[in-house]
1. Which helices count as membrane-span-like in the chain under these terms: full DSSP H, at least 30 Å along the axis by C-alpha, Kyte-Doolittle mean of 0.5 or more?
2. In µm²/s, what is D for the chain at 10 °C and 1.306 mPa s, where D = kT/(6 pi eta Rh) by Stokes-Einstein and Rh is the Kirkwood radius from Cα pairs?
3. Output the peptides 48-55, 32-39, 112-119 sorted from most to least packed, where packing is the average of other Cβ atoms within 10 Å over each peptide's residues.
Amino acid sequence: MTSIADAPVEHRSVWQSIRRGAAFKCPSCGEGQVFRKYLKVADNCGECGEELHHHRADDAPPYFTIFIVGHIVVPAMLWIEMAYRPDAWIHAAVWGPLTLALTLTILPITKGAVVGMQWAVRMHGFGGHED
């Protein structure tokens with residue numbers, strides 16, 4: 001007698017799924033949208049019907065976003081400071097809005113990538129069973 005645990009498991013490409021999620025596409029088919037709102041993951045893919053409500057992105061996307069934005073803004077700010085020595089108000093006028101814009105741009109990309117990675121490695125119910 002064969003159980004579900006003995007059934008062969010299809011291979012899911014991790015990098016392809018991460019790229020699809022980062023492009024706001026379904027990690028399974030690459031056609032449907034992974035988000036239904038700015039950061040709200042769709043319950044199901046509109047194209048293939050894959051269930052996406054299992055995701056547990058939690059704190060990973062903000063953490064990765066802070067890491068990425070920090071590695072862009074801090075070196076650029078230090079380089080500008082050392083090269084041009086602008087007044088403090090110029091730093092505030094430039095780096096505050098730039099940091100906010102980068103954060104709001106990168107956050108959904110990282111969340112989509114995390115959902116794609118979770119789907120590919122069958123985390124949090126994406127493998128057909130609960131954790």
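Each reported figure results from applying straightforward, stated rules to the coordinates on display, with no laboratory input. Not measured: the values here are computed from a predicted model. For neighbour counting, all protein chains shown are included, and Cβ atoms are generated from backbone atoms with ideal geometry for every residue, glycine included.
1. On the way: long enough: 60-84 (35 Å, 1.32); 88-120 (46 Å, 1.13).
Helices passing the filter in the chain: 60-84, 88-120.
2. Working: Rh = 16.6 Å.
The Stokes-Einstein estimate is 95 µm²/s.
3. 112-119, 48-55, 32-39
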